[in-house]
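What follows is a set of notes on a single structure, which appears directly below.
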Amino acid sequence: MNFRLTRRDSLKALLGGTAALAIGQAAGLTATKIGGDFTLISGAGSNVLLYTSADGSLLVDGGSPGESAELLKLIAEQTGNKPVKVLFNTHWHYESTGSNEALGKAGAKIVAHENTKLWLGAENDMHWTGKVFSPVPKIARPSETFYTTKKMEFGGQQIEAGYMLQAHTDSDIYVHFPQAKLLMVGDVVSPGRYPDLDWSTGGWITGMVEGQRALLAVAKDDTRIVAGTGGVMTKADLQAHFDKLLAIRDGMVKLFRQGKGADEMQADGLTKEYDAQWGDPKQFLHNAYHGMWGHVREVGGIV
């Protein structure tokens, strides 16, 4: 039940001007060292961040169900078979939670926002994709949840997680490793493409703007930022992404208040400045439009 079956994003990580070192490949997956004991694994449906310590391994996101077996095999090879003790889910979508069942059965602690646990325990009709997702087994649901922020220590690393209210979904969190200067942000940021705003489970454009604003407050100038797809970003990259999204949101609010729909917004050239870089805006605009109707009182000023 892959949320996005055909997504395969190439890794473009650059650290300090030097290309990151790819250290392993398996069945389309690529493991790349990005500093210290951290490895970025791409090609699993979503980016997966692996931290290896003497206490065991920790993952942020676990790829899609169809990629889980190969992903866990690659992780075992990279870590010398150290068990995965902790798995963070940045949100509920199946391309990020596909290893929950296997790792839950193996005894890993699965940490996420409370809404991730709720969505994974329910049937979800994701109208804009035409797909319906069934509840996952209880063992595959998060075993430890929080509502606003969470702090913990694992393998000598301090970890700070925070909730981003109704952004990509209503279950999005970031996972910050301040000592390592690494920030995992899930699909609240979508480098090189228009974002997915899953209005069916609470995502909307202003929530995503505010989520990115919160990430900018957490990140330092030298923080390395890992989104759900694409390569490692800098804070400057995130700022540029935020500026574009903010400009689109502000323009969209203006047209929305004039009574215009998503197709009319596209015809008016709302996104034309960004289409060459981010692609076809049609799905994005329709999702953003649906999401804004769910927050029509907050948008206000409707003609």
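Check the range 197-216 and report whether any residue there is over 17 Å from His295 (Cβ atoms), among the charged types (D, E, K, R) and in contact with a helix residue (DSSP H, G or I) (Cβ under 8 Å, 6 or more places away or on another chain). No, the conditions are met nowhere in the range 197-216.
Is there a residue in the range 116-125 that is surrounded by 24 or more Cβ atoms within 10 Å (Cβ to Cβ), polar (S, T, N, Q), in a helix (DSSP H, G or I) and within 18 Å of the chain's Cα centre (by Cα)? Scanning the range 116-125, I find at least one residue that is surrounded by 24 or more Cβ atoms within 10 Å (Cβ to Cβ), polar (S, T, N, Q), in a helix (DSSP H, G or I) and within 18 Å of the chain's Cα centre (by Cα), so the answer is yes. Within the range 208-227, the only residue that satisfies the criterion of being in contact (Cβ under 8 Å) with a residue 60 or more places away in the chain and closer than 15 Å to Met164 by Cα is Ala227.
Residue-wise test of (1) at pLDDT 95 or above; (2) in a loop (DSSP other than H, G, I, E, B).
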{"residue": "Gly207", "(1), (2)": "yes, no"}
{"residue": "Glu210", "(1), (2)": "yes, no"}
{"residue": "Ala240", "(1), (2)": "yes, no"}
{"residue": "Val253", "(1), (2)": "yes, no"}
{"residue": "Phe256", "(1), (2)": "yes, no"}
{"residue": "Lys260", "(1), (2)": "yes, yes"}
{"residue": "Met265", "(1), (2)": "yes, no"}
{"residue": "Asn287", "(1), (2)": "yes, no"}
{"residue": "Glu298", "(1), (2)": "no, no"}
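Here Gln266 fulfils each of the conditions (1) surrounded by 18 or more Cβ atoms within 10 Å (Cβ to Cβ); (2) touching a residue at least 24 places away in the same chain (Cβ under 8 Å); (3) more than 23 Å from Thr201 (Cβ to Cβ) apart from (2). Of the residues that make up the range 236-245, is at least one crowded, with 16+ Cβ neighbours inside 10 Å, among the aliphatic types (A, V, I, L, M), within 20 Å of the chain's Cα centre (by Cα) and closer than 15 Å to Leu216 by Cβ? So far as the range 236-245 goes, yes, one or more of its residues are crowded, with 16+ Cβ neighbours inside 10 Å, among the aliphatic types (A, V, I, L, M), within 20 Å of the chain's Cα centre (by Cα) and closer than 15 Å to Leu216 by Cβ. Looking at Glu95, Glu144, Glu123, which is the one that is of a type outside the set (A, V, I, L, M) and touching a residue at least 40 places away in the same chain (Cβ under 8 Å)? That would be Glu95, the only listed residue that is of a type outside the set (A, V, I, L, M) and touching a residue at least 40 places away in the same chain (Cβ under 8 Å).
Apart from one condition, Lys150 fits all of (1) in a strand (DSSP E or B); (2) in contact (Cβ under 8 Å) with a residue 40 or more places away in the chain; (3) surrounded by 17 or more Cβ atoms within 10 Å (Cβ to Cβ); (4) not hydrophobic (A, V, I, L, M, F, W, C); the exception is (2). Counting only residues that are in contact with a helix residue (DSSP H, G or I) (Cβ under 8 Å, 6 or more places away or on another chain), farther than 20 Å from Tyr94 by Cβ and buried (at least 21 other Cβ atoms within 10 Å of the Cβ), the range 24-79 holds 3 of them. Mind listing just one residue for me: the one in the range 130-142 that is of a type outside the set (D, E, K, R) and surrounded by fewer than 16 Cβ atoms within 10 Å (Cβ to Cβ) and, of those, farthest from Thr90 (Cα to Cα)? This residue is Gly130. Counting only strands (runs of 3 or more DSSP E) that sit wholly inside the range 1-88, those with at least 2 residues that are at pLDDT 95 or above and closer than 26 Å to Pro195 by Cβ are 29-33, 38-42, 48-53, 56-60, 84-88.
The values are calculated or read from the model by the stated rules, or taken from the named source; none is laboratory data. Note that the coordinates shown come from a computational prediction; the quantities given were computed from them, not determined experimentally. Please note: Cβ atoms are built from the backbone with ideal geometry, for glycine as well, and neighbour counts cover all protein chains shown.
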